[in-house]
Amino acid sequence: MRFLTADFLYPLHTSPKKEGVLQISDKGEVIAILENKTDIPKEKLEVFEGILCPGFVNAHCHLELSHLLGIAKKGRGFLEFVGAIKKRDAFSKLEIQEAIERAEMQMIINGIVAVGDICNTTDTLLQKQKANLYYYNFIETFQVHEDMIEQTIKDALQIRNEFRQAKMKATIVPHSPFSVPPNLTEEIANTFDEDDELLTVHLQETKAENQLFENKSGILFDWLQKMKANTEIWEKREKSTDVLEEIVNRKILIVHNTFAKKKDITDNYYCTCPKANLYIENTLPDYSIFNTDKLCIGTDSLASNNSLSILEELQIIQENTIFDLNTLLKMASKNGAEAMGFKNLGTFEKGKIPGVNLIKSMDGMKFTDWSFIEKLN
């Protein structure tokens, strides 16, 4: 049994508690939240400087790309980034596995307890079977050529089934509206069953994506035409968000939204990856357009980021919004857990085992450049 207290306790399902006490079992299960630390014998009380909050949920990552750290040049735009991703196979299996293991350890050290992970392969399966973190595996599909759709779905089903056989959450998802024609979206929807709790899609990550659908022009339009892509990708959609109407009655986590407008926002979950947005496009979303009760945070991959740290993402968002600390921490923990169905995570509600993060070197209720995480459980 442990009794933990700090300057402030952020349970996230209720209001912050000044010098509140978190009572947990030796296994980390929340037993109670106590309002007054004077009720606890001093010899039993663990006192810390900083704030206590539940473990973080990284709602969007590509763990299998961890070996591409530093390959893509910053600020060169999306198509340049795609070129860097094509180098993913120029590494040995050992190099890929070692990078995956290092990246996961980095997330653990940084207070992350669960991950929404994009998978194009089963490269991460071995590491994930160690059960160091919770994962929801999103088996990403993309195919711009009509005659290859059937094989694309077969490949995705094989990957999904391998993850499910290992007792992990796994759902086949579309990459983005510009890489998935309507027929492929329909085939993806046909794979859904009762185990598919959530799907995710990259949306409005670049200005060129909006130009493609709204104006039938731009560098993405030219790129797809050069590949002789299925023209239904843009001919049957007048805007990027039309792809959401092709997938009905499903909970959706929409990622990036860097160039989204208020009129584009729906009643779905959203995920922002600010450091990756700055890395690739050197811009950030307009955070004022989102419902913060449904906004999650992701790191994206080490191909588009120099670290896997939710705290560092929070620091960027804090600098560019008026969100208070409680709102930021909900985005970092509670919202992602709710979106991905991790019912045991996200808040300090009784019976949950959410992990406990101590955030130190705060400036009152603000993160500083030198704030850091210490995992207490």
Given the condition farther than 30 Å from residue 79 by Cα, surrounded by fewer than 16 Cβ atoms within 10 Å (Cβ to Cβ), of a type in the set (Gly, Ala, Ser) and over 19 Å from the mean Cα position of the chain (by Cα), answer yes or no: does some residue in the stretch 366-373 qualify? no
Among residues of the stretch 89-114 being out of contact with any helix residue (DSSP H, G or I) (no Cβ under 7 Å at 6 or more places or on another chain) and of a type in the set (A, V, I, L, M, F, W, C), the residue nearest to residue 133 (Cα to Cα) is 113
Per the filter on the stretch 93-110, residues part of a helix (DSSP H, G or I), under 16 Å from residue 310 (Cβ atoms) and touching a residue at least 40 places away in the same chain (Cβ under 8 Å) are 103, 104, 106, 107, 108, 109
Quick one: is residue 333 assigned by TED's automatic domain parsing to the domain that holds residue 17, in contact (Cβ under 8 Å) with a residue 24 or more places away in the chain and of a type in the set (S, T, N, Q)? no
Among (1) surrounded by 23 or more Cβ atoms within 10 Å (Cβ to Cβ); (2) within 21 Å of residue 63 (Cβ to Cβ); (3) not aromatic (Phe, Trp, Tyr), residue 329 falls short only on (2)
Is it the case that the stretch 49-69 has a residue that's assigned by TED's automatic domain parsing to the domain that holds residue 30 and either over 30 Å from residue 13 (Cα atoms) or surrounded by fewer than 18 Cβ atoms within 10 Å (Cβ to Cβ) (or both)? yes
Looking at the stretch 4-11, can you tell me whether even one residue there is over 30 Å from residue 272 (Cα atoms) and either surrounded by fewer than 17 Cβ atoms within 10 Å (Cβ to Cβ) or among the charged types (D, E, K, R) (or both)? no
Condition set in a loop (DSSP other than H, G, I, E, B) and of a type in the set (D, E, K, R), scope the stretch 222-246, selection nearest to residue 276 (Cα to Cα): answer is 239
Regarding the stretch 146-159, can at least one residue be identified that is out of contact with any helix residue (DSSP H, G or I) (no Cβ under 6 Å at 6 or more places or on another chain) and under 29 Å from residue 284 (Cα atoms)? no
Run residue 363 past the list (1) touching a residue at least 60 places away in the same chain (Cβ under 8 Å); (2) not assigned by TED's automatic domain parsing to the domain that holds residue 266 and report the number of the one that doesn't hold. (1)
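The values are calculated or read from the model by the stated rules, or taken from the named source; none is laboratory data. Fair warning: this is a prediction, and the values are worked out from it, not measured in the lab. Note that each Cβ is placed from the backbone with ideal geometry, even for glycine, and that neighbours are counted across all protein chains shown.
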